[in-house]
Amino acid sequence: MPAIPHGADPGSAPLSAVLIHGRDRTAAEMIGLAERIGLPQVAWRALQAPGGSWYPESFLAPLEINRPRLDQSLARVEREVRTLEALGAARARIAFVGFSQGACVALEYVRQSPRRWGGLIAFTGGLFGPEGTAWDAPGRLDGTPVLLSNSDVDAFVPWPRTEATAEAFRRLGADVTLKPCPGRDHIVGDDEIAEARAILQRALQAQPDPVLEEES
């Protein structure tokens with residue numbers, strides 16, 4: 001299924017963002033989240049998982065249990081990145097925004113594809129694997145801005161896993177913001193939206209003008 005476009009054109013936008021929904025959620029809901037963030041100068045692209053799920057079991061299960069569906073989902077994200085590249089968006093001008101399952105997929109994709117990305121917003125997510133999993137990567141994130149937010153009472157993503165994920169991304173060279181949301185339900189709160197907006201605004205300001213890039 002092709003991504004749902006929203007906002008600016010990727011060829012001329014200073015920043016593109018891939019939106020990845022949660023389990024049993026929809027791409028259209030992520031467009032609504034993008035509208036809450038605002039930033040009409042961003043080229044948003046919302047992905048839809050087949051059957052509404054990116055992988056079958058909890059992200060805390062052994063990785064093999066969620067394969068091959070997880071690998072297929074990561075490949076879907078890569079295809080969208082390549083589509084954006086073909087439309088004129090360099091990888092340094094591509095960000096990822098995910099919620100819950102989508103946040104876990106975004107985190108795993110960036111970990112496996114380390115480089116300087118435009119940004120990574122992970123609302124209520126963490127890296128895959130049971131307790132004690134060690135995460136490495138084949139490269140560095142070179143200051144990629146990353147937001148991880150979560151509640152201390154979330155039923156699906158334990159706060160300690162989000163903390164451990166933040167530390168793993170710091171070791172990989174990301175510029176990590178860790179935002180606790182005490183008592184919050186399994187939603188994206190307005191304070192998280194404001195934090196995401198601020199990080200993406202900084203990412204926008206850090207991007208070169210694509211028109212000037214082409215002229216040079």
Let me spell it out: the conditions are (1) within 21 Å of Arg140 (Cβ to Cβ); (2) touching a residue at least 12 places away in the same chain (Cβ under 8 Å); (3) not polar (S, T, N, Q), and Leu70 meets all of them except one. Which number is the exception?
(1)
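Does Leu63 count as in contact with a helix residue (DSSP H, G or I) (Cβ under 9 Å, 6 or more places away or on another chain) and modelled with pLDDT under 95? Before you say what the answer is, go through the steps one by one.
Numbers: in contact with a helix residue (DSSP H, G or I) (Cβ under 9 Å, 6 or more places away or on another chain): yes; modelled with pLDDT under 95: yes.
Judged against the criteria, Leu63 is a match.
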Of all residues in the stretch 152-185, how many are part of a loop (DSSP other than H, G, I, E, B) and either free of Cβ contacts under 8 Å to residues at least 24 places away in the same chain or surrounded by 16 or more Cβ atoms within 10 Å (Cβ to Cβ) (or both)?
9
Report yes if some residue within the stretch 130-144 is in contact (Cβ under 8 Å) with a residue 60 or more places away in the chain and within 22 Å of Arg25 (Cβ to Cβ); otherwise report no.
no
Scanning the stretch 12-60 for residues that are among the hydroxyl-bearing types (Ser, Thr, Tyr) and touching a residue at least 60 places away in the same chain (Cβ under 8 Å), the one farthest from Pro130 (Cα to Cα) turns out to be Ser12
Options Glu80, Glu64: the member that is surrounded by fewer than 15 Cβ atoms within 10 Å (Cβ to Cβ) and either of a type in the set (D, E, K, R) or on the phi > 0 side of the Ramachandran plot (or both)
Glu64
Restricting attention to the stretch 73-81, does a residue exist that is at pLDDT 95 or above, more than 17 Å from Gly7 (Cα to Cα) and out of contact with any Phe, Trp or Tyr (no Cβ under 9 Å at 6 or more places or on another chain)?
yes
Filter result for the condition that a residue is of a type outside the set (Lys, Arg), crowded, with 24+ Cβ neighbours inside 10 Å and either at pLDDT below 95 or touching a Lys or Arg at 6+ places or on another chain (Cβ under 6 Å) (or both), over Ser149, Ser100
Ser149
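The values are calculated or read from the model by the stated rules, or taken from the named source; none is laboratory data. Keep in mind that this is a model prediction, so the values were computed, not measured. So basically every Cβ, Gly included, is an ideal-geometry build from the backbone, and we count neighbours across all protein chains shown.
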